[in-house]
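Undergrad: Take a look at this one; I'll ask things after.
Taken together, the values in this text are just the output of simple stated rules run on the coordinates, not laboratory data. Here the structure is a predicted model, which means the values were calculated and not measured. We place every Cβ from the backbone using ideal geometry, glycine too, and count neighbours over all the protein chains shown.
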Amino acid sequence: MALIYTGIDEAGYGPMLGPLCVASATLRVEGWTPGEPAPDLWAMLDSVVCKTKREAKARIAVGDSKDLKLANSSVTRHPLHHLERGVLAFLGAQRGTLPLVDHDLYQCLGACHEAHPWYSGDAIDLPLGHDAAMLGIEANDLRRAMSRAGVELLDLRVRVLGETEFNTIYRTHRSKAAATGLALGELISGSCELGQGATQRRIVCDRQSGRTHYGRMLGELFGSVQVEEESARASRYCCDEHTGVLLTPGADGAYFPVALASMAAKLVRELAMMRFNRYWGERIPELKPTAGYVQDARRWLGDAHADISAAEREAMVRLA
């Protein structure tokens with residue numbers, strides 16, 4: 001029996017600058033028996049993937065993006081070394097070719113940035129910290145290992161919520177959780193359109209903030225849902241006879257599809273911030289780059305104050 005197995009995670013929930021990116025990774029896993037735990041794809045693909053950067057010399061790390069991103073001060077490897085290796089290898093295994101500029105990556109992922117000038121300009125060449133030919137070989141090895149294990153990547157997708165959309169949602173709902181909720185609903189709906197004919201579907205989401213009740217949101221997608229658990233540990237729902245949804249903290253380190261989604265979301269956000277810093281660095285050469293998190297964003301906004309118009313500041317600063 002085939003299982004359609006989706007993971008969802010975000011990057012950029014806390015920053016003041018830059019987009020919020022929410023991603024989903026959906027895989028088809030053959031040979032799964034209903035009632036069994038979710039398949040351990042790390043074990044099934046052990047010959048080519050691992051969970052931590054410490055193990056990633058000869059294998060591709062798939063894990064929590066916060067752990068896999070290297071420090072921006074790294075001198076031996078590009079900070080996005082592990083993130084781009086994993087995301088590009090899986091896309092290469094799925095599609096047969098690697099995206100070689102960020103525009104192509106966005107197209108593969110369905111990631112659309114708002115039309116602000118700081119996200120425009122020349123494409124960024126990919127990969128940033130790898131040899132493209134070697135990464136292509138790894139993608140082929142991954143494709144063969146996935147075929148042997150009965151695993152197929154159906155979709156890897158990133159929903160980008162830019163500053164304008166984010167602020168509009170916040171003004172309407174007075175909660176930034178509404179922005180992730182919107183993307184979550186869209187990605188769950190998209191997942192349910194994949195793998196038609198499979199008899200079982202499991203969706204796992206990394207849960208943010210202290211929210212534990214998602215029944216209303218899921219009810220809008222599926223009709224009535226059965227609440228199996230709503231606690232600090234997990235929010236678990238039976239949405240129909242085929243579909244179960246789990247939202248739990250720390251899912252990006254415990255569930256393979258969530259980890260892969262985490263990496264895609266983080267990679268898209270980091271590339272967006274590279275464009276952001278390139279644009280403003282060309283306008284204000286002495287300006288130090290920012291990752292967009294609140295404390296450093298305030299430093300950056302202070303440093304750039306004299307050279308940024310009120311309209312630009314309003315367009316770029318997130319309200320929460």
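Undergrad: Based on Cα positions only, what radius of gyration and what Dmax would you give for the range 3-316, in angstroms?
TA: Cα radius of gyration and Dmax of the range 3-316 are 19.6, 62 Å respectively.
Undergrad: Hey, another quick one. Got a sec? How would Arg157, Arg299 order by Cβ neighbour count within 10 Å, fewest to most?
TA: Fewest-to-most Cβ neighbours within 10 Å comes out as Arg299, Arg157.
Undergrad: All other residues with a Cβ under 12 Å from the Cβ of Thr26 taken together, and with Lys, Arg as +1 and Asp, Glu as -1, what is their net charge?
TA: +1
Undergrad: Still on this structure, I have one more. Find how much the distance from Met1 to Leu301 grows on full extension, using 0.36 nm per residue of separation minus their present alpha carbon separation; answer in nm with one decimal.
TA: Length gained between Met1 and Leu301: 102.6 nm.
Undergrad: Between Thr52 and Asp40, how many nm apart are label points set 7 Å from Cα along the C-beta direction?
TA: Label-label distance for Thr52 and Asp40, simple model: 1.6 nm.
Undergrad: 222 nm [θ] for the chain, helices only, -39500 (n - 2.57) per DSSP H run of 4+, per residue, to 500?
TA: Rounded to the nearest 500, it is -12500 deg cm²/dmol.
Undergrad: Rounded, prolate or oblate: which fits the range 47-200 when a ≥ b ≥ c are the square roots of the eigenvalues of the alpha-carbon gyration tensor, with rounded for a/c under 1.5 and prolate only if a/b beats b/c?
TA: Oblate is the answer for the range 47-200, as a/c is 1.5 or above yet b/c matches or exceeds a/b.
Undergrad: Please arrange Glu138, Glu228 by how many other C-beta atoms lie within 10 Å of their C-beta, fewest to most.
TA: Listing Glu138, Glu228 from fewest to most nearby Cβ atoms yields Glu228, Glu138.
Undergrad: What FRET efficiency, computed as 1/(1 + (r/R0)^6) with R0 = 22 Å and r the Cβ-Cβ distance, is obtained for Tyr279 and Ser74, rounded to the nearest 0.05?
TA: 0.40
Undergrad: Let me ask something else about it. Need the C-alpha centroid separation for the range 127-170 versus the range 297-320, integer Å.
TA: Answer, in whole Å: 32.
Undergrad: Given 0.36 nm per residue, what is the gain on full extension from Glu186 to Arg313 after removing their alpha carbon distance, in nm?
TA: Contour length minus the Cα-Cα distance gives 42.8 nm.
Undergrad: Separate question: Of Phe90, Phe256, how do they rank once you tally other Cβ atoms within 10 Å and put the fewest first?
TA: Phe90, Phe256
Undergrad: Computed FRET efficiency, Cβ-Cβ of His213 and Tyr293, R0 25 Å: what is it to the nearest 0.05?
TA: E between His213 and Tyr293, to the nearest 0.05, is 0.30.
Undergrad: Further question: Between Arg95 and Asp131, what FRET efficiency comes out of the Förster formula 1/(1 + (r/R0)^6) with R0 = 22 Å and r the beta carbon distance, rounded to 0.05?
TA: 0.70
Undergrad: Once the piece of chain linking Asp122 and Glu165 is laid out straight, how much longer is it, given 0.36 nm per residue of separation minus the C-alpha distance between them?
TA: 13.1 nm
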